[in-house]
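Asks: What follows is a structure written as C-alpha cells; I'll ask about it next.
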Amino acid sequence: MSTEYPVAQGQAQAEAAAPSDVLDATTLAELREIAARYPEPRSGLLPMLHLVQSAQGRITPEGIEACAEVLGISAAEVNGVATFYTMYKRRPVGDYHVGVCTNTLCAVMGGDLIFERLKEHLEVGNDETTEDGSITLEHIECNAACDYAPVMMVNWEFMDNQTPESAVQVVDDLRAGKPVHSTRGPRLCTWREAERVLAGFPDDRADEGPTAGPASLAGLRIAREKGWTAPASTLASSGEETDRD
Amino acid sequence: MTDALTPVLTDNWDAERAWTLAAYEERGGYAALDKAFAMAPDDVIDAVKESGLRGRGGAGFPTGMKWGFIPQDNPRPKYLVVNADESEPGTCKDIPLMMASPHTLVEGVILSAYAIRANTAFIYVRGEVLHVIRRLQRAVQEAYLAGHLGTDIHGSGYHLDLIVHAGAGAYICGEETALLEGLEGRRGQPRLRPPFPAVAGLYASPTVINNVESIASVPSIIANGPAWFAGMGTEKSKGFGIFSLSGHVRNPGQYEAPLGITLRELIDLAGGIREGHELKFWTPGGSSTPLLTPEHLDVPLDFESVGAAGSMLGTRALQLFDETTCVVRAVLRWTEFYKHESCGKCTPCREGTWWLTQTLARLEKGQGTEADLDLLLDQCDNILGRSFCALGDGATSPISSSIKHFRDEYLAHLTNGGCPFDPVASTAFAPAGASA
C-alpha cells in the first residue's frame with residue numbers, strides 16, 4: 001500500500017488539493033484502526049469522518065475517498081453520510097467553533113441576543129468564519145445544558161450562563177491567544193484537536209474541570225442540607241453489603 | 001415516608017473527582033458485579049422486571065420486559081446499545097451524569113449486558129459534548145485495566161467489550177433505530193418496525209437499546225434489591241428519576257426525586273419562579289410533550305398522571321416560561337428545530353414541518369389570519385401518526401397544545417400587527433422588573 005493517498009481526480013476542480021490536503025500515512029493507518037474497533041468496519045465511519053476533520057480541517061474529497069477505500073464502499077455512500085450530520089463541515093472551520101444555542105429555551109433566556117451580538121462583533125453570518133480564520137460562528141440546537149441557559153459551546157465545550165458581553169469577551173480572548181477554560185470543563189483546545197478526541201483518540205484533559213457545575217448540584221445541595229436520602233437498602237445487610245445510597 | 005429528594009444517581013456528584021475509578025470504587029462501585037455474576041442472567045432480568053424500572057429516555061417502556069424480548073435461541077450475537085444521544089430540547093440529565101460519574105453507567109452496562117447475554121456493548125454519545133466523551137473514554141479505559149471489562153470479568157468467565165462511539169450531530173439519532181443506522185455508519189434514518197431491535201437490531205442481531213439513566217439505575221437495583229427501588233415512586237411509575245428544571249426559575253438544575261413529585265413541589269425546592277414573575281407555561285418532558293399551564297402544577301409527575309393531563313412525562317425536562325415569554329415565538333422556534341432535524345425519509349414529516357414553519361412564521365409576524373390556526377391544526381392532523389418515527393408527532397405537540405391553551409395570544413399577534421412581547425424582558429440578564 002502506497003504511503004501517499006492518491007488525490008481523487010475530478011472530485012472537485014474548485015478544491016484542487018494543496019499538499020497539506022493529502023492524507024498522510026499516519027492518518028490512513030488511524031482510519032483503519034478505527035474501523036477495526038467494530039464488529040463490522042463500516043460502524044467506524046462516523047469517528048473516521050471526525051478524524052478526517054481533525055487531519056484536514058474539514059471533510060475533504062480526499063478524506064471521503066480514503067474512508068471509502070478503507071471500508072470498501074463507494075465514495076457516494078460516504079458522501080451521503082458526511083452530508084447528513086451537522087458536525088461535518090465542507091468548508092474550513094476556524095481554530096474555534098463557537099456555537100450559540102438558539103433553541104427555544106436558550107433563545108428566550110438570551111441566546112438570540114448573544115448570537116446577534118456575536119454576528120455583529122465578528123462580522124460574520126451563520127456558519128461563517130472570521131477573515132483571520134480564528135472563529136467559526138454557528139447557531140446550534142439544544143445541547144443538553146438547559147439548566148445553564150443561555151449556553152454557548154466552544155469546540156463542543158460548555159460555556160454556561162452567557163450574556164452578550166461575556167460571549168464577546170470569550171471570542172476576544174480566543175482571538176488574542178489567551179487561554180480560555182470551559183465554565184465546567186478543561187482549558188479549550190482547538191477544533192481540530194477536539195475532532196481527534198471525537199474520533200476516539202483521547203487527549204490528556206479528562207481530569208481537568210470539576211465533577212459537576214453548580215446547577216447540576218442544585219437538588220443534591222438541598223438534600224444534604226435537609227438530610228434527605230433514598231431509603232436504606234431492603235436487602236438484609238450482610239456486613240459486606242455496600243451502602244450505595 | 002420517603003424524603004422529597006432521593007439522591008441515588010446524583011449522590012456522588014459533589015464528591016471530589018467522582019469521575020475516577022478510585023472515587024467510584026471507594027463508594028462501593030462495581031460491587032454489584034459479583035452479586036450479579038452469582039445469579040443466572042435470567043434472574044437479573046427478573047430483578048429488573050420486579051423493580052418496575054421503566055425506560056428513562058421518554059417512552060417509559062418497562063426495561064426488564066424489553067430485555068426479556070431478546071430471543072436467546074437466536075444464534076447471532078446479542079448487543080447492548082446505550083442511547084446517550086441526549087438532545088430532546090430541555091433534556092439535560094444524562095450529560096451531567098456521564099460527566100460526574102461515568103462509572104455508574106459503565107457498571108450498569110456490564111450488569112445489563114450480562115443479563116441479556118451480550119458480549120459487545122456500545123455507548124452512542126452525541127458528538128457535541130467533548131468533555132463528557134473524554135470522561136467516558138477514560139472510565140472505560142480504567143474499567144478495562146481494573147478487570148471490570150474485557151475477558152473473564154472478576155473471574156466469572158463472562159467477557160464484555162465496551163465501545164464509546166461519538167455521534168456527529170443529528171437529533172434524529174436519539175430515535176433508537178436511527179441511532180442503529182448511525183452506529184452502522186449510515187445516514188441516521190429510522191427503520192420500519194417490526195422487526196423491533198430486540199429481534200433484528202444492530203447488524204440484524206438481537207439488540208437492546210436503553211437510555212443512559214435507565215442503565216445507570218441498574219447497579220442500585222442489583223445492590224439494594226428490586227423492592228427498595230419499587231418502594232419509591234407511584235404504583236405504576238416506580239423508583240426515582242432526575243427532574244431537570246430550566247428557564248425562569250430561581251435555581252434551575254437537577255433534582256432527583258421519586259416519580260410522582262409535582263411541579264409545585266419542585267418549583268418550591270428551586271426557590272420559586274424568578275422574582276416578580278409568574279409561571280405561564282411549561283413542558284413536562286421536553287419540547288415533544290404537549291405544553292401544560294399553571295393549572296397543572298399539582299399533577300403528579302408520573303407516566304399515568306401526566307398522560308391523563310393531556311401530555312407525557314417524557315424525559316422529565318421541565319422547561320419553565322414566565323409571563324414575559326411569547327408562546328408563539330417559543331412554538332415557532334421549536335417548529336423550526338423539528339423542520340431542521342427531520343431526516344427527510346417520510347413525506348408527512350419532511351414536507352409537513354416545512355409547511356408548519358411557513359404558517360407559524362406568518363402568524364408570528366402578525367401577517368396571517370385567524371383561519372391559519374385551523375390550517376395549522378389541519379397540517380398537524382396530516383403529520384401526526386403518519387411517519388416511521390415520532391419526530392413528526394413531536395413537532396405537532398407544541399402547536400396543538402399552545403393553540404388549545406393560548407389561542408388568544410395567537411390572535412393578539414394579528415391585532416397587534418406583530419409580536420406584542422419585548423424579547424429582552426424574558427432574558428436571564430434582563431433588568432429587574434422588566435416586563436413584556
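Asks: Being in contact with a Cys (Cβ under 9 Å, 6 or more places away or on another chain), under 28 Å from A:G213 (Cα atoms) and within 9 Å of another protein chain (Cβ to nearest Cβ) narrows it down to one of B:G127, B:G167, so name that one.
Replies: Checking each option against the conditions leaves just B:G167.
Asks: Identify, please: which residue in the range B:85-124 is of a type in the set (G, A, S) and either free of Cβ contacts under 8 Å to residues at least 12 places away in the same chain or under 22 Å from B:Y24 (Cβ atoms) (or both) and is, among those, farthest from the other protein chains (Cβ to nearest Cβ)?
Replies: Filtering the range B:85-124 down to residues of a type in the set (G, A, S) leaves B:87, B:90, B:100-101, B:108, B:112-113, B:115, B:118, B:121.
Among the residues that remain, those that are also either free of Cβ contacts under 8 Å to residues at least 12 places away in the same chain or under 22 Å from B:Y24 (Cβ atoms) (or both) are: B:100-101, B:108, B:112-113, B:115, B:121.
On the way: B:A100: 4, B:S101: 8, B:G108: 12, B:S112: 17, B:A113: 14, B:A115: 18, B:A121: 11 Å.
Applying the filter and picking the extreme gives B:A115.
Asks: Exactly one of (1) surrounded by 16 or more Cβ atoms within 10 Å (Cβ to Cβ); (2) part of a helix (DSSP H, G or I) is unmet by B:L377. Its number?
Replies: Checking B:L377 against (1) surrounded by 16 or more Cβ atoms within 10 Å (Cβ to Cβ); (2) part of a helix (DSSP H, G or I), the one that fails is (1).
Asks: What pairs come out if I take residues in the range B:365-385 that are within 16 Å of B:S402 (Cβ to Cβ) and pair them with residues that are open to solvent by less than 60 Å² (accessible area, probe 1.4 Å) and in a loop (DSSP other than H, G, I, E, B) whose C-beta lies under 9 Å away, six or more apart or interchain?
Replies: B:L375/B:G368
Asks: Something else about it: Condition (residue is within 11 Å of chain A (Cβ to nearest Cβ), surrounded by 23 or more Cβ atoms within 10 Å (Cβ to Cβ), in contact with a Lys or Arg (Cβ under 9 Å, 6 or more places away or on another chain) and in contact (Cβ under 8 Å) with a residue 40 or more places away in the chain) applied to the range B:259-269: is it met by at least one residue?
Replies: Checking the range B:259-269: not a single residue is within 11 Å of chain A (Cβ to nearest Cβ), surrounded by 23 or more Cβ atoms within 10 Å (Cβ to Cβ), in contact with a Lys or Arg (Cβ under 9 Å, 6 or more places away or on another chain) and in contact (Cβ under 8 Å) with a residue 40 or more places away in the chain.
Asks: What's the number of the condition B:G231 fails, among (1) open to solvent by 10 Å² or more (accessible area, probe 1.4 Å); (2) within 18 Å of the chain's Cα centre (by Cα)?
Replies: (2)
Asks: Residues that are open to solvent by 10 Å² or more (accessible area, probe 1.4 Å) and more than 9 Å from every other protein chain (Cβ to nearest Cβ): list the helices (runs of 4 or more DSSP H) wholly contained in the range A:126-235 that include at least 3 such residues. Working first, answer last.
Replies: Details: elements: A:164-175, A:191-198, A:218-226.
Answer list for the range A:126-235: A:164-175, A:191-198.
Asks: A further question on this structure: Which residues, taken from the range B:149-161, are touching a residue at least 12 places away in the same chain (Cβ under 8 Å), on the phi < 0 side of the Ramachandran plot and open to solvent by 10 Å² or more (accessible area, probe 1.4 Å)? So that I can check it myself, show each step before the final result.
Replies: We begin by selecting, within the range B:149-161, every residue touching a residue at least 12 places away in the same chain (Cβ under 8 Å); these are B:149, B:153-154, B:156, B:158-161.
Next, only the ones that are on the phi < 0 side of the Ramachandran plot stay: B:149, B:153, B:156, B:158-161.
Across the range B:149-161, the qualifying residues are B:S156, B:Y158, B:H159, B:D161.
Asks: Checking B:V132 against (1) of a type outside the set (F, W, Y); (2) part of a helix (DSSP H, G or I); (3) more than 10 Å from chain A (Cβ to nearest Cβ): exactly one of these is not met. Which one?
Replies: (3)
Asks: Now a separate question. Are there any helices (runs of 4 or more DSSP H) wholly within the range B:1-82 with 1 or more residues that are farther than 28 Å from B:Q141 by Cβ and basic (K, R), and if so which? If you could, list the steps in order and put the result at the bottom.
Replies: Values: elements: B:21-26, B:31-37, B:41-51, B:63-68.
In the range B:1-82, the matching helices (runs of 4 or more DSSP H) lie at B:41-51, B:63-68.
Asks: Right, another one. I'm checking my understanding of the structure. Among residues of the range B:170-203 that are over 30 Å from A:N155 (Cβ atoms) and without any contact (Cβ under 8 Å) to a residue 12 or more places away in the chain, which one is farthest from the other protein chains (Cβ to nearest Cβ)?
Replies: If we take residues in the range B:170-203 being over 30 Å from A:N155 (Cβ atoms) and without any contact (Cβ under 8 Å) to a residue 12 or more places away in the chain, then B:P194 is farthest from the other protein chains (Cβ to nearest Cβ).
Asks: Going through B:V218, B:V208 one at a time, which residue ends up being assigned to a strand (DSSP E or B) and open to solvent by less than 50 Å² (accessible area, probe 1.4 Å)?
Replies: Values: B:V218 fails: assigned to a strand (DSSP E or B).
From the options B:V218, B:V208, the qualifying one is B:V208.
Asks: Here's something else I'd like to know. Limited to the range B:17-34, what total is found for residues that are surrounded by 17 or more Cβ atoms within 10 Å (Cβ to Cβ), in contact with a helix residue (DSSP H, G or I) (Cβ under 6 Å, 6 or more places away or on another chain) and either without any contact (Cβ under 8 Å) to a residue 24 or more places away in the chain or of a type outside the set (F, W, Y) (or both)?
Replies: The qualifying residues number 5.
Matching residues to (1) open to solvent by less than 10 Å² (accessible area, probe 1.4 Å); (2) over 30 Å from B:W282 (Cα atoms):
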residue: B:T91; (1), (2): yes, no
residue: B:A100; (1), (2): yes, no
residue: B:Y114; (1), (2): no, yes
residue: B:F122; (1), (2): yes, yes
residue: B:L136; (1), (2): yes, yes
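Asks: Based on this model, can you work out whether A:L71 counts as closer than 29 Å to B:G247 by Cα and touching a residue at least 12 places away in the same chain (Cβ under 8 Å)? First the steps, then the outcome.
Replies: Details: closer than 29 Å to B:G247 by Cα: no; touching a residue at least 12 places away in the same chain (Cβ under 8 Å): yes.
Taking the combined requirement at face value, the residue does not satisfy it.
Asks: Quick check, is A:E120 touching a helix residue (DSSP H, G or I) at 6+ places or on another chain (Cβ under 9 Å), open to solvent by 30 Å² or more (accessible area, probe 1.4 Å) and either outside any helix (DSSP H, G or I) or not β-branched (V, I, T) (or both)?
Replies: On the way: touching a helix residue (DSSP H, G or I) at 6+ places or on another chain (Cβ under 9 Å): no; open to solvent by 30 Å² or more (accessible area, probe 1.4 Å): yes; either outside any helix (DSSP H, G or I) or not β-branched (V, I, T) (or both): yes.
For A:E120, the condition - touching a helix residue (DSSP H, G or I) at 6+ places or on another chain (Cβ under 9 Å), open to solvent by 30 Å² or more (accessible area, probe 1.4 Å) and either outside any helix (DSSP H, G or I) or not β-branched (V, I, T) (or both) - is not met.
Asks: Take B:S246 and decide whether it is of a type outside the set (A, V, I, L, M) and part of a strand (DSSP E or B). So that I can check it myself, show each step before the final result.
Replies: Numbers: of a type outside the set (A, V, I, L, M): yes; part of a strand (DSSP E or B): yes.
Answer is yes for this residue.
Asks: From the list A:F115, A:F158, pick out the single residue that is free of Cβ contacts under 8 Å to residues at least 40 places away in the same chain and either hydrophobic (A, V, I, L, M, F, W, C) or within 22 Å of A:A215 (Cα to Cα) (or both). So that I can check it myself, show each step before the final result.
Replies: On the way: A:F158 fails: free of Cβ contacts under 8 Å to residues at least 40 places away in the same chain.
The match here is A:F115.
The values are calculated or read from the model by the stated rules, or taken from the named source; none is laboratory data. The shown structure was predicted, so the numbers you read here are calculated from the model rather than taken from an experiment. Virtual Cβ from ideal backbone geometry, glycine too; neighbours counted across all protein chains shown. The area values use the complete protein model at the heavy-atom level, side chains included, leaving out ligands, DNA and RNA. Shrake-Rupley method; radii C 1.70, N 1.55, O 1.52, S 1.80 Å.
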